[in-house]
Structures are given as structure tokens and as C-alpha cells.
Amino acid sequence: MNRRGMLIRLGLLAGAVGGGWWFKDKVLWPTPRPVFDGGATPWLSYRAPAVTPTVDVTVGGVPTVALIDTGAQYSVLDRAFHDRLAADGRERLSFPLPLLAYGVGGRPQVGRGAVVDVAMEGLALPGLRAAILDLGPIADRDRGLGAQLILGQDALETLVLDIETGARRSRLSAPGALALRADARALPARREAGSLRLDVTLEGRTVEALVDTGASSLLALSRRSAEAAGLYDGRDLTRGSSLVLGGQVGAQVARARTVGVGDRTFADAPVAIFGDVSAPGFPGALLGMAAFEGQALRVDLARAGLWTAETPDLRVGRRRRRR
């Protein structure tokens, strides 16, 4: 696993997954209405040196990079980037309703919202609402992804996301616009609180994980979930630091004997462990893009659909075993 990618994603927990779990009953967040040029975007190559899907976009006419993140409850705009947009009069509207974001390590951040026009090749998202937060290293190309916009579940619930991990490319389409691949296999995902959840096995134990395209690691658990899964049984844990909102927190990595995802089994698999977060609905486990390495993946939030298909990737054959 790419250690740098994992640490970036733990930072993104603060900015997107953690940052997305607002007190939803206090926020009015209308569903965006996508406008396609032909029903789907073309295949768009990743724009950041990571395994998570990033695309070129414009926000208020200004070019930047967006992370397509099924783990983020709402779309997020980096505060420094937003301030530049606002100074140039490129945001439609700013609204002062406070938004509370919780990050890894339990560090809260208070933000507000903006309405902006987002566009990419083949698709426009006019009037997208986004939370304004300090994404820190995630928005920094030198230290992170260089993603100043995160497209979250609020945008993706009106779209279908296709990813080809080996080719490092993704595309978005209108529901029903593109047929499934003939060899696609459905995974038993379900929708909960706007996100997709999938049961995976960790050394024989079942763990419910949030399917998170913004995470590069295979599997990440909260400390409480890691304890329940038996990872604190005396095995060696490596220590490191993870990028979070405005700084860093300590991180741990355990080696799991097996992690099962669908019909795949990963042996001697790294599992990231992040601190417990006392926030409503914060997930206890995240399933990242390493779980789908070498596969084609379709995510349809509206239909609670998750499908995979094999694509040639010799690296996967060296890192996983079939059941």
C-alpha cells in the first residue's frame, strides 16, 4: 500500500468524511441538478498522483482539481480557494449558517457554506452548495492531492460513478445512461445515511465498512472498531502521523492475516487505525480504493448499487488470493 496515500486519506477523514457529518437536521442542502452534454462525461484521467479519483474542474470559472469522494456526506470547498473566488466575485452566494465538522482525533472545525458553479468536461453542476473548510494538506499539491474541491454524496446521489483503477480514470453519467459491463458482479451493498456500506471480513470477523473512493488504503478502522476486531492482541503496530484539518495526529497500522472483500481475500493486509470520533454517524470502518485495485468499479448511490469487474493488472495477482 502507498503509505503516503494512506496518510493523505486520514487527513481527508477530517476534511471530508469527518467534515461531512453535520447536524443534518439544521442544514438545508438542496440536491444539485447535473447538466450533461450527452448523458455522460468522457473517461477522465486522475489529475493527482494518488489512487483516488481526481478530475480537472472549474469552480466559478477558475480551474482546479476535485476529488470524487463517496465517503464525504457533503461537498467541500477549501477555505483559501473560496476566499480567492469570493474576492473575484466568482461565487453565487455565501450563507452564514454555521456548519460543524469533526476530524480524526476529535478536532472540530466550524465553517459556513457557499453556492458555486462547477463544471468539468461533459458535465456542469450549477449552483452546487459546498461547505467552506480548511482542507490544509489535502488542497496542497506538494503535500497532498491538490484538491481544492471535494464532490461528496450530495452531488453523487444524482450521478453514477465508474472507475477503472488500473487505467487511473473515472467518468460520471446520468442514471440509466450507460449500460453495465456484461461481466460486472453486484456486491451486497446497502445505503445508510446517504453512504454505501458493505460487509467485509477481517480475520473471519464481519465488519461493516463505508465504501470510500476518497481513501487510498484497503481498510481503515476507528480504535473502537479495531479493538472489537481483535487487532489489539499483542501484534506489532507501526506508528506514524496522519494529515488532518490544520495539522497532524498520530496513526497506527496493524497487519491483518486476512481481509475479505467480496470474492477477494487480501493476505497480510495493512489496516489503518484512527482515533475514535464522538460525532453522530461517524463511520467505524472505511473501505478504500486499494480494495478494488485492478478492477472496474461502478457506484450508484441512488440505487445503493456497487458492481465490480476484473481488468488486467498483474500487481493485484501478486497481492491477493482468490477464495
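Nothing in this text is a laboratory measurement; each read-out follows from the coordinates by a stated rule. In this text the structure is predicted, and so the values were computed from the model without any measurement. Backbone-built Cβ (ideal geometry, glycine too); neighbour counts: all protein chains shown.
So the values come out like this:
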read-out: Stretch gain in nm, segment residue 235-residue 169, where the contour uses 0.36 nm per residue and the Cα spacing is subtracted; value: 20.1 nm
read-out: Computed over the range 31-70: relative contact order in percent, which uses C-alpha pairs under 8 Å that are six or more apart; value: 25
read-out: Ranked by how many other beta carbons lie within 10 Å on average, peptides 291-298, 210-217 from highest; value: 210-217, 291-298
read-out: Cα-based Rg of the range 192-239 normalised by 2.2 N^0.38 Å, two decimals; value: 1.25
read-out: The range 110-198 - charge dipole about Cα centre, Lys and Arg +1 at Cβ, Asp and Glu -1, debye rounded to 20; value: 260
read-out: Gain on full stretching of the segment that runs from residue 228 to residue 178 - 0.36 nm per residue minus C-alpha separation; value: 13.9 nm
read-out: Estimated distance in nm for a label pair at residue 36 and residue 90, the labels positioned 7 Å out from Cα along Cα-to-Cβ; value: 2.7
